[in-house]
Structures are given as C-alpha cells and as structure tokens.
Amino acid sequence: MSDMNRSFAGSMPEFYDRILVPVMFEPFALDLAERLRGITSGHVLEIAAGTGVVTRALARMLPTDVAIIATDLNPAMLERAKSYPGLERVRWQEADALALPFADRQFDCALCQFGVMFFPDKRAGFREAWRVLRPGGRFLFSVWGDREGSPFDLAANVVGEFLSRDPASLVSPPYSDIRMVREELTAARFALIGAERLTKLMHSNSAREAAVSMCHGGLMRAAIEAQAPDRLDEITEAAAAAIETRFGCGPINAPLPAILFTAARPAD
C-alpha cells in the first residue's frame, strides 16, 4: 500500500479522477451506493474512498440523518475528493484500513469499492471492519473479476511490454476467488456472507479514448511516469492500436466484471 500511496501523489489524483474514474469506477459506485438506499439514520463508514466517487453518490442518496465518514490512506486522494462542492456533510479522515482510528461498534455499515485487493493483510482489514461495526451492521465491498481480453487488459499488456514489466504488476492484485474470500470473512467472524457477480459496460467513444483512460489515469500512468515519462504518447498510441484490433475503430462498450461481497457482524 505504501508504494501505491507514493505513486498517487502530485497530479496523479487529478488524472485518476478525471480520466479513469468515469470509465471504470462510476458505474459500480452508483450500484454500490444504491445498496444503502434503505438506511435512514446512523453512521456509514467508507474505507479506501479514493477521490470520492462512492462518497458523492452516498451524499446524494442518503438522508442527512445518516452520518458519512469517508477515509483513505492517501491524503492527496482525499484532497481531490474534498474539492467537490456539496459534500459539507461528509467527514473526511486519513486512515489505514488495517488500523482504523475509530471506536468499537461505531458504525451501522462499512463499505469499500475496489480497495480490499490492496490490503496487505486481508484478514486484518476484515477484523477491523468487524470491530467498528455495531452488532447487525453490514459490510459491503467490491473487487474486480476476470478482466482478460478487456481494453484494460490489452492496455496493461502493451504498457508491460514497453516497460519490461509483468502486466500483472500494473493492475490491482487479483482477489476474486469467492471460496477463499468467504473463508477469510468467516475467519474474521462475519456471517451472512454473500457474493454477487456484477457486470457493467465500460464505454469509450473510440479505441484511443479507451487507451487514454487506461494509460493516463491510474496504476499504469504511475508506472509510466516512474520509468518512461517521455514515452507516454507513444505507449498510448500502441495501446490504442491493440484495443482497435480487438474492438474495432468505433465506439466501445466492453463488459467489465466485478464481484460484490456482503457480510454482517452477527447480533449479540
């Protein structure tokens, strides 16, 4: 987590939020926030909020009697999240998911979009979520499914070739083995564990637009900036060519799979 934390500094949060979030993260954020629509009061904790795409959806959807606390390990990402208007109700706090700075049994719901994969110790993160939830409280988090053959996968292969790196090192770590995740949640004392496969469409107007989204706004951009910043345009054009070969030269609506896990802290 510390390496990624250093990578997403400077102008990276703005690139990530402006270029990648609308394409890959916003459709899932709206779905995740919708799962909390029935909450009318209490306290909601968002873990690994990033630049706040889920937070903004929660603030629009939940009544003001619901307190929203949004956390992230990276202060630069939180600063970007806080820059949006209309979020005065949100309490922002820098926090490590493995050592949450909150009292026991403080929250009615905890959620995390595409952040659990980066926890260096998944069970420790789950134990912390369990600790801060009240009995009966819910824990929801999403992880990526199999992205093989997607524009994201094609771009990672191209960037990996240019940088002489394993493409797997340029994307989030895999964490989609449902049986294993269930076991780790059970070990953290969660119950009522569910897993739902989701698919959203990743829309781009062209192969080049898709390549810009992948290469200019996330982990791939951080790697390019670290190793070959003067080759960003060249790498982007090569990624666009690879995506066009697979998806054609027109608009792209590519399926992007994820898994939503739900669990609950048992009532006393």
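Okay, here's what the table says:
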| quantity | calculated |
| --- | --- |
| Accessible heavy-atom area order of His216, His43, highest first, probe of 1.4 Å | His43, His216 |
| Peptides ranked, highest mean first, by Cβ atoms within 10 Å: ranges 223-235, 98-110 | 98-110, 223-235 |
| Carbon + sulfur, % of accessible area of region 144-268 - ligands and nucleic acids excluded, 1.4 Å | 51 percent |
| Ordering of 173-181, 13-21 by burial proxy (mean other Cβ atoms within 10 Å per residue, highest first) | 13-21, 173-181 |
| Accessible area of region 119-268 divided out per residue, in Å², using a probe of 1.4 angstrom | 45 Å² |
| FRET efficiency estimate (nearest 0.05) - Cβ-Cβ, Ala195 to Ser164, R0 30 angstrom | 0.25 |
| Apportionment of accessible area to carbon and sulfur, region 1-132, percent (1.4 Å) | 50 percent |
| Probe 1.4 Å, accessible area per residue of region 2-95, Å² | 43 Å² |
| Region 1-152, relative contact order [Cα under 8 Å, separation at least 6], % | 22 percent |
| Distance between region 235-261 and region 134-201 - C-alpha centres, whole angstrom | 18 Å |
| Region 81-124 and region 9-78: distance between their alpha carbon centers, rounded to Å | 10 Å |
| Charged-residue dipole, Cβ positions (Lys, Arg, Asp, Glu), the chain about Cα centre, Debye nearest 20 | 880 debye |
| Share of Cα-Cα pairs in region 15-62 lying beyond 14 Å, as whole percent | 49 percent |
| The chain: relative contact order as a whole-number percent, Cα under 8 Å and 6+ apart | 22 percent |
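The values are calculated or read from the model by the stated rules, or taken from the named source; none is laboratory data. Bear in mind that the values here come from a model prediction, so they are computed numbers and not experimental data. When we count neighbours, we look across all protein chains shown, and the Cβ atoms used for this are built from the backbone with ideal geometry, even at glycine. Accessible surface areas use protein heavy atoms only, side chains included; no ligands, DNA or RNA. Shrake-Rupley method; radii C 1.70, N 1.55, O 1.52, S 1.80 Å.
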